[in-house]
Amino acid sequence: MDLLQMRYVTAIAGLGSMTKAAETLHVSQSALSLSCKRLEEELGVQLFDRLPKGIALTQPGEALLEHARNLLLEAE
């Protein structure tokens, strides 16, 4: 888990869309999706529910989001 992945998680959660987050972060949607999938595999949990109209955080995703925000604040 690294700061870039934490930025990705916060952007996806804030925008509710992998596509919108990718556009905002200036990365391809496939690269963003792959990074999230690898993070989920590394942590052994599903962070996002992929819905027909966007993305929602799972309970572990909510916990990680709080941690990610704190890490990003400390890094600044």
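Read-outs: derived from the displayed coordinates by stated rules, not from any lab. Since we're looking at a predicted model, the values are computed, not measured. Methodologically, a virtual Cβ is constructed for each residue, glycine included, from the backbone with ideal geometry; neighbour enumeration extends over all protein chains shown.
For the chain, trypsin sites (Lys or Arg not before Pro) are listed when DSSP marks them as loop and at most 13 other Cβ atoms sit within 10 Å of their Cβ; the list is K53.
Here the 3J(HN,Hα) profile of region 58-71, calculated from phi with Karplus coefficients 6.51, -1.76 and 1.60 at θ = phi - 60°, is 7, 4, x, x, 4, 5, 5, 4, 4, 4, 4, 4, 5, 4 Hz, Gly and Pro shown as x. Which of the listed residues, A75, G44, A56, is farthest toward the dipole's positive end in the chain, when Lys, Arg count +1 and Asp, Glu count -1 at the beta-carbon? The residue sitting most towards the positive pole is A56. Mean separation of Cα pairs under 8 Å and 6 or more residues apart, divided by the residue count, gives the chain a relative contact order of 37 percent.
Taking each residue as 0.36 nm, the span from A75 to E23 lengthens on full extension beyond its C-alpha to C-alpha distance by 16.4 nm.
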